[in-house]
1. Give me the extension gain from Arg205 to His284: residue separation times 0.36 nm, minus the current Cα-Cα distance, reported in nm with one decimal.
2. Pop the C-beta distance of Thr135 and Glu362 into the FRET formula with R0 = 35 Å and round what comes out to the nearest 0.05.
3. Starting from 0.36 nm per residue, how many nanometres of slack lie between Asp51 and Asp124 once their C-alpha separation is accounted for?
4. Give me the distance in nm between label points sitting 7 Å out from Cα along the Cα-to-Cβ direction at Asp226 and Ala214, one decimal.
5. Could you check the spin-label model distance between Glu175 and Arg25? Points 7 Å from the Cα along Cα→Cβ, value in nm.
6. Sorting Thr320, Thr186 on the 10 Å Cβ count, fewest up front, what's the list?
7. What label, among [x] 63, 43, 41; [y] 84, 50, 43; [z] 71, 47, 44, belongs to Cα extents along the principal axes in Å computed from the structure on display?
8. Sum up the charges of everything whose Cβ sits under 11 Å from the Cβ of Asp154, counting Lys and Arg as +1 and Asp and Glu as -1, but leave Asp154 out.
Amino acid sequence: MDFLRPVIQPYAWGSRQVLADFQGRPVPSAGPEAEMWMGAHPKAPSGVVRDGDEKTLDAVVAADPARELGGECRERFGGRLPFLLKILAAEKALSIQVHPDRAQARAGFAAEQGRPGPPTYVDDWPKPELLCALTPFEVLAGFRGAAEAADVLDALGLAELGPVSAALRADGGPERLTEALRLVLTWPGPERSRLLDAVVAASGRAAARGGTHAAAYDAVVRMAADHPGDIGLLASLLFQHMVLEPGTALFMPAGGLHAYITGVGVELLANSDNVLRAGLTPKHIDIPELLRIVDPAVEVPVLAPRALPAAPAVSTYDSTAPEFRLYRCTLNGEPVEVPAAGPRIALCVEGSATLRDAGGSELKLSRGESCFLSAADGAVVADGRASVFIAAVG
């Protein structure tokens, strides 16, 4: 069992309060802090102390993958820790984005080797992800139904959006949604600024009227303050708008468009940074490739925690991702066996917990602290009064 030193990502959409307070540092922080990474991603591996030496977790895993990952995990994922755990602290909207599946990531990454220009694929891994809300968390997740999306656009009363509504109301299946997104993302440049000004103004009026979609219109107005003139403001109305309640989670499979707007949550994802963006960002956007991998029919389930029958103090969030599974242990003074085998990362979000392995070694986690449990650590028991998330292999 080893304490981790997470890496803080200072993206502009982050908070100057949340992560600093979470880790017990002075508040406010010097600049925005958006994500706290715990894992072995080569872009920002966590620090770890082994045998008195400061190392990074990716180097520790690479030095002895059989010990750290176990034989099964090493064979399944090529000697790589397959998951990455994060805390997200969003004060502004993240980009609208989609992630590839394994075959798409491999093919896309291979095709871009040696090609000039900014890459669309930064590695050859998929990036399914699961977000568990710690506070109310506002998100865009998956397409609306085609008819509903057309109704949302029509309520703005803007004749310019007629072709998009017509595409949504045409005969056909989910592909109508992809066509509507294409029309929005390829809107002619000279007309775009005036259109978006009109969309934001009309969204403000629609939000004031109230009704079923008032919150989605209000989100457009709020996002426009941080992303003026961004075509993602219009595109956002094609997607389902929701607020996750604390303790619930959202699973984003490959092909599902989504954006996180505001909130604090625990995110568990495959160990990849492959992101194809559709808006609300100044970063590279590859529209043809994005439209190729988007799956307009993908469902984005909201997950309630499911208590394990043999361990009521442990709940899990079910997903189909082979790279990861998220558990939450609610400790109330009784010892609880930490779920799963193989490599795990434990993160304490409330209270204080003591972890003990089969050899009698102890490690105490307080709020904001995390540790790596290798496959060689075997069965681990936790006690105390705390809420602890466990990231493990799916």
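1. Full extension from Arg205 to His284 adds 25.2 nm.
2. That pair, Thr135 with Glu362, gives E of 0.65.
3. Contour length minus Cα-Cα distance gives 23.0 nm.
4. Label at Asp226, label at Ala214, 2.3 nm between them.
5. Modelled inter-label distance: 5.0 nm.
6. Thr320, Thr186
7. [z]
8. Net charge around Asp154: -1.
All of the numbers you see were taken from the coordinates with simple rules; none came from a lab. It should be emphasised that the depicted structure is a prediction, and the values quoted were computed from it without experimental measurement. Positions of Cβ are backbone-derived with ideal geometry, glycine not excepted, and every protein chain shown enters the neighbour counts.
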